[in-house]
Amino acid sequence: MVSSRCSMTEEVKKRKKAVLFCLNEDKKNIILEEGKEILVDVRQTVDDPYIAFVKMLPDKDCHYALYDATYETKESKKEDLVFNFWAPERAPLESKMIYASSKDAIKKKLTGIKHDLQANCYEEVKDHCTLAEKLGGSTVISLQGKPL
């Protein structure tokens, strides 16, 4: 009984930092992509969750993603949910069109989104600056506990 309690306690401490969504095989439903999430706990076991998140984005297909950004401005510490529309240049045109046309539908289903980010290449998301700009520009002094 004690071992199950410990594992439950461990599960409660973990939360989703990022998740990816994709279209199912027949391209009619948006689903949570299995295995494409970043879980963190209070000790922040992932060195840099934003870099890990960027590495999850596929080279040749569109996706939607949610990223839970933790940042600090000159006034306070904040945490905001960022919706990402990932449409890489190498993705098929049909995929880009379907994802673009269903973007509003998924955003309506998700609650708590504070910011919206669209990217078409890794250059646009590879460092923290793009995200920091969306979160508050020059007022953001650190992201994920790391100074900018």
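Annotations
- Filtered residues of segment 22-33 (kept if within 17 Å of Met97 (Cβ to Cβ) and in a strand (DSSP E or B)): Cys22, Leu23, Ile30
- Search result, residues across segment 34-69 that are closer than 20 Å to Val125 by Cβ, among the charged types (D, E, K, R) and not in a strand (DSSP E or B): Asp47, Asp48, Lys55, Asp59, Lys60, Asp61
So that you can scan it fast, the table gives a plain yes or no per residue for (1) under 22 Å from Ile30 (Cβ atoms); (2) out of contact with any Cys (no Cβ under 6 Å at 6 or more places or on another chain); (3) polar (S, T, N, Q):
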position	(1), (2), (3)
Glu72	no, yes, no
Lys109	yes, yes, no
Asn120	yes, yes, yes
Thr139	no, yes, yes
Leu148	no, yes, no
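- Segment 68-96: number of residues that are without any contact (Cβ under 8 Å) to a residue 60 or more places away in the chain, loosely packed, with under 13 Cβ neighbours inside 10 Å and farther than 21 Å from Glu37 by Cβ: 7
- Qualifying positions in segment 114-134 - surrounded by 17 or more Cβ atoms within 10 Å (Cβ to Cβ), under 28 Å from Ser95 (Cβ atoms) and among the hydrophobic types (A, V, I, L, M, F, W, C): Leu117, Ala119, Val125, Leu131
- Flag for Ala100 being closer than 20 Å to Glu25 by Cβ and touching a residue at least 40 places away in the same chain (Cβ under 8 Å): no
- Of all residues making up segment 107-135, the number that are of a type in the set (Val, Ile, Thr) and modelled with pLDDT of 95 or more: 1
- Selection status of Pro147, surrounded by fewer than 12 Cβ atoms within 10 Å (Cβ to Cβ) and either without any contact (Cβ under 8 Å) to a residue 40 or more places away in the chain or in contact with a helix residue (DSSP H, G or I) (Cβ under 9 Å, 6 or more places away or on another chain) (or both): yes
- Counted residues, segment 79-88 - those being out of contact with any Lys or Arg (no Cβ under 9 Å at 6 or more places or on another chain) and not aromatic (Phe, Trp, Tyr): 2
The values are calculated or read from the model by the stated rules, or taken from the named source; none is laboratory data. Please read these numbers as outputs of a predicted model, since none were measured by experiment. Reconstructed Cβ throughout: ideal geometry from the backbone, glycine too, with neighbour counts over all protein chains shown.
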